[in-house]
1. Go through segment 17-31 residue by residue and tally those that are of a type outside the set (A, V, I, L, M) and not in a helix (DSSP H, G or I).
2. I'm trying to understand the selection: among the residues of segment 1-50, which are among the acidic types (Asp, Glu) and loosely packed, with under 15 Cβ neighbours inside 10 Å?
3. Consider Lys203 against the criteria (1) surrounded by 15 or more Cβ atoms within 10 Å (Cβ to Cβ); (2) touching a helix residue (DSSP H, G or I) at 6+ places or on another chain (Cβ under 6 Å): it satisfies all of them except one. Which criterion is unmet?
4. One residue is enough: does segment 51-59 have a residue meeting the conditions among the charged types (D, E, K, R) and farther than 18 Å from Ile108 by Cβ?
5. Can Ile67 be described as surrounded by 19 or more Cβ atoms within 10 Å (Cβ to Cβ) and touching a His at 6+ places or on another chain (Cβ under 7 Å)?
6. From Leu101, Leu107, Leu137, grab the single residue that is touching a strand residue (DSSP E or B) at 6+ places or on another chain (Cβ under 9 Å), of a type in the set (A, V, I, L, M) and more than 15 Å from Ser150 (Cβ to Cβ).
7. Which number in (1) more than 25 Å from Lys174 (Cα to Cα); (2) crowded, with 21+ Cβ neighbours inside 10 Å marks the one condition that Tyr130 misses?
Amino acid sequence: MRIDIISAVPQLLESPLKHSIVGNAQDEDLVEIHTHDLRDYTEDKHNKVDDYPYGGGAGMVLTPQPIFSCIEHLQSQRNYDEIIFTAPNGTPFKQEDANKLSTDKNLIFLCGHYKGVDQRVIDSLITKTYSIGDYVLSGGELPALVMVDSIVRVLPGVLGDSESALTDSFQNEKLLEGPVYTRPAEFKGIEVPEVLRSGDHQKVKEWRHQQSLERTKEVRPDIYKKFRNEQ
């Protein structure tokens, strides 16, 4: 898989992409990630990539020219399955989206910034717009990193334990993951639940399912209600 990320502030992307699971995946040639600075594609003599919005109002808007130039340059080299824009007014990004996108070959992420991006970019180039939550950030770089991480970690071979990604929250039954424990069996007087030390795999499975139900009901009643309605 190849992922290209376009940003007006690409420096925000550098460190997270070089470390941990995403960094390791690149080192092992399981994914190829490239960042692109919009300022490298602007034709403005002052190197600007933004301007005031038509009709007035606060904030600045990313101009279309450098975005079109960058994406058209990338498209001249390969075909892209999706061109994704990160914005608070997008569709909520979910695990099922990460799973689906992980099966694609080439993806582009365009990071929103300032007040937004010229609508002509959205209408002409963007195939999907995603949001990671009902709040506003300073730019789309953090959402892009969140989405890239969630996509990369489910690629075959990325996680050492092939079952790990499949048992995360929102996978399988779409419930939140319950509590997990590791050694020692007792710490500061608090013991690991006996069922997890029993060796009875069926009882462990049942316990984990019940814990997932309880946690989901408490923390995300909306997801719990949907789960119950689908049963």
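1. 3
2. Of everything in segment 1-50, those that are among the acidic types (Asp, Glu) and loosely packed, with under 15 Cβ neighbours inside 10 Å turn out to be Glu14, Asp27, Glu28, Asp29, Glu32, Asp40, Glu43, Asp44.
3. (1)
4. Checked segment 51-59: at least one residue is among the charged types (D, E, K, R) and farther than 18 Å from Ile108 by Cβ.
5. Spelling it out, it is not the case that Ile67 is surrounded by 19 or more Cβ atoms within 10 Å (Cβ to Cβ) and touching a His at 6+ places or on another chain (Cβ under 7 Å).
6. Leu137
7. Every listed condition holds for Tyr130 apart from (1).
Here's the yes/no breakdown for (1) over 12 Å from Leu175 (Cβ atoms); (2) out of contact with any Lys or Arg (no Cβ under 8 Å at 6 or more places or on another chain); (3) at pLDDT below 95; (4) not polar (S, T, N, Q):
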residue: Glu191; (1), (2), (3), (4): yes, yes, no, yes
residue: Val195; (1), (2), (3), (4): yes, no, no, yes
residue: Ser198; (1), (2), (3), (4): yes, yes, no, no
residue: Gln202; (1), (2), (3), (4): yes, yes, no, no
residue: Glu214; (1), (2), (3), (4): no, yes, no, yes
residue: Glu230; (1), (2), (3), (4): no, yes, yes, yes
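The values are calculated or read from the model by the stated rules, or taken from the named source; none is laboratory data. Because the structure is predicted, anything quoted here is derived from the model rather than measured. Backbone-built Cβ (ideal geometry, glycine too); neighbour counts: all protein chains shown.
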